[in-house]
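Before any comments, here is the structure.
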Amino acid sequence: MNQTYTVKPGDTLYGISNQYGVSVTELAELNGIKGSSLGVGTVLKIPVNSGTNPNNMFMYTVQKGDTLYSIATKYKTTPEKIINLNYLKNNTITPGQVLRIPEMYTPESEMMVPNYTNYIVKKGDTLYSIARANNISVDTLIKDNALTNNNLKIGQSLKIRIPTEEINVIEECYGPDYTPPVDTTPIVTTYTVVKGDSLYQIAKRFNTTASAIMNLNNLPNTNLSIGQKLKIPQSTQTNQPAQTYTVKSGDNLYSIARRFNTTVDAIKRKNNLTSNNLSIGQKLII
């Protein structure tokens, strides 16, 4: 029985075939695909195999700016193998030229289908800055999004691979729910400063003022340190507006609930979550 896969923005036949350890030719034939383009949302049938398919090849049309080295690097082969397979006399290739590319397979024992989150390109972004912020390499970013150059457009959607270690941390939120302790001084709560925080942001989040926080904590100035514990004065209003939190690397429902002095169940109810899994960049109502 075949598996299925739903095409996402930036997917290519080669990328999908490599994820599942099948050949491009086999994948195309099974789904009746004549060209190389894929429609987002298309449901593909994936042949079940043991990861031991024989070597194969697929056809690639040279694009403007391509070199034998760039093509070989993209498809995990070498310029020499492409030259030999196509009986080329030198390294010269031209746009529109069709090349036979040897397919490489990943053993099933080493196969892992990556998880992704989406990122929308903003003004000033570069491939390097996006890759660095998400703890991945520029090469990985280029490959996952089938980019042919380093140019980005504001509003462009990019797939961001979630490193394995981050996936494990984010999903590591099973177990007993966190129940906040009974607060003997209900007008004050405690907050731990995280990277990127400012007094103004914290005050706004908790519906108070920067001055109130400074006075309560005897702060001489507005400088904060990551990990610093702050006492936060609480508003006496009974109906506080909902606040939002953006999931970061290393977060899980338990840690978020503890940070905001609430419970895992309360966060799941407010956000209609059916599991404890979170994605980096996900917006949560607290």
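Counting charges near Gln228 (Lys, Arg +1; Asp, Glu -1) among other residues having Cβ under 14 Å from its Cβ returns a value of +3.
In terms of packing, defined here as the mean over residues of other Cβ atoms within 10 angstrom, the peptides 204-214, 224-234 line up highest first as 204-214, 224-234.
Other residues with beta-carbon under 15 Å from the beta-carbon of Asn218 carry, at +1 per Lys or Arg and -1 per Asp or Glu, a net charge of +2.
Across all Cα pairs in segment 116-161, the calculated P(r) in 10 Å bins from zero up to the longest distance comes to 29, 67, 4 percent per bin. When Tyr128, Tyr87 are arranged by Cβ crowding within 10 Å, least crowded first, meaning fewest neighbours, the order is Tyr87, Tyr128. Less than 5 angstrom separates the built amide H of Ile46 from those of Gln3, Thr4, Tyr5, all sequence-distant by 5 or more or on a different chain. Here's how it looks for Tyr116: its modeled amide H is under 5 Å from those of Ile162, which are all 5 or more places away or on a different chain. Backbone geometry of segment 96-102 corresponds, through the Karplus equation with coefficients 6.51, -1.76 and 1.60 at θ = phi - 60°, to 3J(HN,Hα) couplings of x, 5, 9, 10, 8, 10, x Hz, x marking Gly and Pro. For Val121, neighbours were defined as the other residues whose beta-carbon sits under 15 Å from its Cβ, and their charges (Lys and Arg +1, Asp and Glu -1) total +3. Model label sites at Asn86 and Lys64, defined 7 Å from Cα along the beta-carbon direction, differ in position by 1.9 nm.
For segment 116-161, averaging the sequence separation of C-alpha pairs within contact (under 8 Å, six or more residues apart) and dividing by the residue count gives a relative contact order of 61 percent.
Laboratory data are not the source of any read-out in this text; all were calculated from the coordinates shown. Note that the structure is a prediction, hence the values are computed from the model and not measured. Backbone-built Cβ (ideal geometry, glycine too); neighbour counts: all protein chains shown.
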